[in-house]
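Report on the structure given below.
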Amino acid sequence: MATFGSNRRFSQSRSAAPVAKVVPARALSRFLLTALIASATAVGLWSLRYLLPSQPQAIHFENFTDRHAAFTIHAVFASIALLVGPWQFLPSVFSRRRWLHRLLGWIYVSTVALGWLASLPLALHAHTGATASAGFQALGVVWLTCTLLGFLDARAGRIVAHRRWMIRSYALTTAAITLRLYVGGSNVLHIPLGQSYPYIAWLCWIPNAVVGQWLIKVGEGSAPPSSPKS
């Protein structure tokens, strides 16, 4: 009996360690999701100003003046995707209100596809030339691919794979946030945008993709272990 008791205590101590790691991981996830919703809401709503007739404080790049319709369409649909996306990861939406999750999912996938289509002429004629153009074209391809793979997995009932691809997709959607941060940082540091923009076109999304992949790994690694079956 003493041996059984010691084995039982050993088993409990082994299972307690992974469970203890779940608490800070969940707290970190909640903090990051709250910060993401706040920043996505701010940037998304501000970017919808392009729906206004006056379009206040617009960035007058060549694409804004020469391809105005495509620029406006891309800004509006990408902003809607940015606004809708983070709510999909809330447990109250993902697990308890599946109808809302599906509705928001259809809106998200549709706005990503339309935003990508509108971005094609913009990426081809990106400000500062070929390097920035290649960066935005690559972003568009990866963004659409991740979104479509997530959509197809959802249709096939592969929920875990669907969630992974949608995390990757939304990480790329947040390029709208990091792009503005880098442009603002370039202005603060008095770096001419003509010099910084080719780098920004790549930096606005590659680190985001890496962070998204890291979140997938951390999220799956911190999942509480299933209780052993008797």
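Bear in mind these aren't lab numbers, they're just calculated from the coordinates by the rules spelled out. In this text the structure is predicted, and so the values were computed from the model without any measurement. Cβ coordinates were reconstructed from backbone atoms using ideal geometry, including for glycine residues, and neighbour counts include every protein chain displayed.
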- Using alpha-carbon positions, the gyration tensor of region 55-115 gives root eigenvalues a ≥ b ≥ c; with a/c under 1.5 called rounded, otherwise prolate if a/b exceeds b/c, else oblate, the class is prolate
- Which value in nm describes the separation of the simple spin-label points at His125 and Trp214, placed 7 Å from the Cα toward the beta carbon? 3.8
- Measuring from a point 7 Å past the Cα of Val183 along Cα-to-C-beta, which residues in region 35-51 have an amide N at less than 11 Å? 47
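Once the Cα gyration tensor of region 23-221 is diagonalised, what are the square roots of 5 times its eigenvalues, in whole Å and ordered largest first, as equivalent ellipsoid semi-axes? Spell out each step's value before the answer.
Working: eigenvalues 164, 68, 53 Å².
For region 23-221, the semi-axes come out at 29, 18, 16 Å.
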- Task: Could you check the simple spin-label distance between Leu117 and Leu103, using points 7 Å along Cα→Cβ, in nm with one decimal?
- Result: 2.4
- Item | Karplus 3J(HN,Hα) series, Hz, for region 83-88 with 6.51 cos²θ - 1.76 cosθ + 1.60 (x for Gly, Pro) | 6, 7, x, x, 5, 5
